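Report on the structure given below.
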């Protein structure tokens, strides 16, 4: 079944920096949510330690699951630059494979937010004429994102469909 979503060829993966940055971000966000959960449990139960303890166990379990699972989710992303198209695959439970012909690309966007910038990461998004085939490759190293952008633009200009 994996052959359906990973045709033969050399696939590029997101780096370890992407995994670490997403784990840290997930940990911080889940800890903030856990604090809110514990405060809410304290208020709603009038300080009943059994319910607050149950909420704390649930919060720790959820945070641990998210931090561990995010590594597999990030590693599920892969892309391959073919002769005529870019293939992007991702997903753990719901797998997806998107093929975007270079000649159908309208633009290539590279974006980064404040947290991604701290880690030296950027996202590459491909815009096409179809509303369904816009694809994104998250958390690439900024230098790799710039190289991919330039390469995709060059291939897109070379293989552009005449109007």
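Here are a few things to note about the model shown:
- The single condition among (1) closer than 26 Å to residue 17 by Cβ; (2) out of contact with any helix residue (DSSP H, G or I) (no Cβ under 6 Å at 6 or more places or on another chain); (3) surrounded by 14 or more Cβ atoms within 10 Å (Cβ to Cβ) that residue 104 does not meet is (1).
- Qualifying positions in segment 55-64 - over 30 Å from residue 137 (Cβ atoms) and either buried (at least 16 other Cβ atoms within 10 Å of the Cβ) or without any contact (Cβ under 8 Å) to a residue 12 or more places away in the chain (or both): 55, 57, 59, 61
- Evaluating residue 46 against the criteria (1) exposed (fewer than 14 other Cβ atoms within 10 Å of the Cβ); (2) at negative phi leaves one unmet condition, (2).
- Any hit, segment 115-125, residues being more than 15 Å from the chain's Cα centre (by Cα) and either over 19 Å from residue 15 (Cα atoms) or at pLDDT below 90 (or both): no
- Residues that are in contact with a helix residue (DSSP H, G or I) (Cβ under 7 Å, 6 or more places away or on another chain) and without any contact (Cβ under 8 Å) to a residue 40 or more places away in the chain, drawn from segment 1-35: 30, 31, 34
- Evaluation of residue 98 against the conditions (1) at pLDDT below 95; (2) more than 14 Å from the chain's Cα centre (by Cα); (3) buried (at least 17 other Cβ atoms within 10 Å of the Cβ); (4) part of a helix (DSSP H, G or I) shows that the sole unmet condition is (4).
The values are calculated or read from the model by the stated rules, or taken from the named source; none is laboratory data. Worth saying up front: this structure is predicted, and the values here are computed from it rather than measured. Here the Cβ is made from the backbone with ideal geometry for all residues, glycine too, and neighbour counts use every protein chain on show.
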